[in-house]
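First comes the structure, then the notes that go with it.
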Amino acid sequence: MTQSTFHVAIIMDGNGRWALARGRPREWGHRRGAEAVRRVVEAAPGLGIRTLTLYAFSSDNWLRPAREVTLVMRLLQRYLRRECEELSENGVRLRVVGRRDRLPPEVVAAIDHAESATASRARMTLRLAIDYSSRYALLEAVRTAARAGTSDVQRADVAELLGQAVHSDGPSPDVDLMIRTGGEQRLSDFLLWECAYAELHFTPTMWPDFTAEDLASALQEFAGRERRFGTVALAG
Ligand code: FPP
């Protein structure tokens, strides 16, 4: 891992439970979750993160009640429209990864706008995963290779095809640290290929309560881990 590729991914879990515990509807938790997104995105470049991927809406989230889906889509659209300028000022390039063929047209338009408005920024890449499924991306990659009749598929080809399947502008760097808030300990179809050697960090903190300090302490804990990538510790 070098500073130039340091990739953190976050599964932002716990919005619904956070709200219900306060006697409010789940949607309230998502609104407060959007504020946590702002805090974390603002702090991330200063903490040395070069790529930050946030799981905003999984392909399985379409199965939630229509009212909740509509609210999350609206929050995403608003975020993409309103935060563009600030992201740009902070040197953040925004990319959305996932399927686009099932999103409301106004969300797709907001994505196009935000991606082009921040395209030249290079301090950090923020990737929002929307209608994202890692298995879908892998299936699409396999299908594309099969259609092309390519039998000699290399690792770099898979990474490239995965990028194409989710509208990324190139292959994703490997994830160095995967954080999941909300107390659950699973990957939920997120970046399965990219997490081959990711370190995992699970915290009981619900996403709306997650702060820049929580992110900094997760990174500090990560810095103390020994990453061996399948080999043995090197002496000296
Ligand atoms: C998981 O909490 C969260 C989601 C499925 C949606 C994530 C959305 C946001 C953080 C807000 C909008 C995002 C942006 C980028 C502005 P959950 O509902 O599964 O919580 P639960 O496990 O407590 O039910």
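The values are calculated or read from the model by the stated rules, or taken from the named source; none is laboratory data. Since we're looking at a predicted model, the values are computed, not measured. When we count neighbours, we look across all protein chains shown, and the Cβ atoms used for this are built from the backbone with ideal geometry, even at glycine.
Remarks
- Restricting attention to the range 127-148, the residues being over 24 Å from Arg64 (Cβ atoms) and either in contact (Cβ under 8 Å) with a residue 24 or more places away in the chain or among the basic types (Lys, Arg) (or both) number 3.
- Within the range 161-183, restricting attention to residues that are modelled with pLDDT of 95 or more and charged (D, E, K, R), the residue that is surrounded by the fewest Cβ atoms within 10 Å (Cβ to Cβ) is Asp174.
- With respect to the conditions (1) part of a helix (DSSP H, G or I); (2) near the ligand (Cβ under 8 Å from one of its atoms), Leu54 lacks only one, and its number is (1).
- Pick from the range 22-38, criterion more than 18 Å from Leu177 (Cβ to Cβ) and touching a residue at least 60 places away in the same chain (Cβ under 8 Å), ranking: surrounded by the fewest Cβ atoms within 10 Å (Cβ to Cβ): Glu35
- Residue in the range 142-165 that is part of a loop (DSSP other than H, G, I, E, B), within 17 Å of Leu128 (Cβ to Cβ) and either more than 16 Å from the ligand (Cβ to nearest atom) or within 17 Å of the chain's Cα centre (by Cα) (or both) present: no
- If you go through the range 62-105 and keep only what is crowded, with 17+ Cβ neighbours inside 10 Å, assigned to a helix (DSSP H, G or I), of a type outside the set (Asp, Glu) and within 11 Å of the ligand (Cβ to nearest atom), you end up with Leu71, Val72, Met73, Leu75, Leu76, Gln77, Tyr79, Leu80.
- Hits in the range 184-236 (condition: among the aromatic types (Phe, Trp, Tyr) and either more than 16 Å from the chain's Cα centre (by Cα) or crowded, with 19+ Cβ neighbours inside 10 Å (or both)): Phe190, Tyr197, Trp207, Phe210, Phe222, Phe229
- Asp112 part of a helix (DSSP H, G or I) and at pLDDT 95 or above: yes
- Selection from the range 1-21 of residues that are touching a residue at least 12 places away in the same chain (Cβ under 8 Å), surrounded by fewer than 18 Cβ atoms within 10 Å (Cβ to Cβ) and more than 28 Å from Glu68 (Cβ to Cβ): Met1, Gln3, Ser4, Thr5
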